[in-house]
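Structure first, commentary second.
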Amino acid sequence: MTTGTKIRLLREQKGWGQDVLAAELGISQPAISKLESDQNKLSWDNAVKLGELFEVDPEYFFETKVFNHNTNTGEGNQVISPQTYHESDIELLKSIYEDHLKTKNELLEERYERIVELKKQVEELKAELANLKKV
C-alpha cells in the first residue's frame with residue numbers, strides 16, 4: 001500500500017475532508033491531494049504529525065522493503081517487493097474491516113447478555129443458599 005493510500009484511508013476513517021487534514025498539518029489542500037496521489041513525497045516532520053493525529057507510528061507511512069523473516073534456516077532481512085493495491089482492493093479491505101467490526105460488536109453484545117444472565121444466576125443461587133441456611 002502506498003504512502004498516499006495509507007494517508008487517505010486514515011483520513012477517511014476519521015471522516016475528515018482533505019481540507020481538515022490540511023489545516024491540522026498546516027499545509028494546503030492541494031498539497032494533501034498530491035500526497036494522497038503520491039505525486040509528492042511525505043516529509044518526516046509531516047509523518048510525525050500524521051502519526052500523532054492518527055495514533056500510528058510515523059514509519060507506518062513509508063514503504064518497507066525489508067522484511068525481518070526468521071525461519072528455522074536462520075535467514076533474516078530478506079528484501080521483498082512492496083505490494084501494490086488497486087481501488088478494488090481498497091474497497092474489499094474496507095468491506096472486510098466493516099464486517100469484522102460488525103462481528104466484534106455482535107460478540108460484545110452476546111457477551112454482555114451472557115454476563116447479565118450469569119449475574120442473575122448468581123443472585124438466585126445466593127438466595128437459594130440463604131434459604132438453605134435458614135432450614
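The values are calculated or read from the model by the stated rules, or taken from the named source; none is laboratory data. These numbers come from a predicted model, not from an experiment.
Only one residue in Glu106, Glu113, Glu52 is more than 19 Å from the chain's Cα centre (by Cα), part of a helix (DSSP H, G or I) and modelled with pLDDT of 90 or more, so which one is that? Steps first, answer last, please.
Working: Glu106 fails: more than 19 Å from the chain's Cα centre (by Cα); Glu52 fails: more than 19 Å from the chain's Cα centre (by Cα).
That would be Glu113, the only listed residue that is more than 19 Å from the chain's Cα centre (by Cα), part of a helix (DSSP H, G or I) and modelled with pLDDT of 90 or more.
I'm trying to understand the selection: among the residues of segment 1-43, which are of a type in the set (Val, Ile, Thr) and either assigned by TED's automatic domain parsing to the domain that holds Ile96 or not in a helix (DSSP H, G or I) (or both)? Step through it out loud before you land on a result.
Initial filter on segment 1-43 (of a type in the set (Val, Ile, Thr)): 2-3, 5, 7, 20, 27, 32.
Once the filter is applied, which keeps residues that are of a type in the set (Val, Ile, Thr) and either assigned by TED's automatic domain parsing to the domain that holds Ile96 or not in a helix (DSSP H, G or I) (or both), segment 1-43 yields Thr2, Ile27.
Being more than 24 Å from Leu93 (Cα to Cα) and among the aliphatic types (A, V, I, L, M) is the requirement here; does Leu25 meet it?
Numbers: more than 24 Å from Leu93 (Cα to Cα): yes; among the aliphatic types (A, V, I, L, M): yes.
When the stated conditions are applied, Leu25 passes them.
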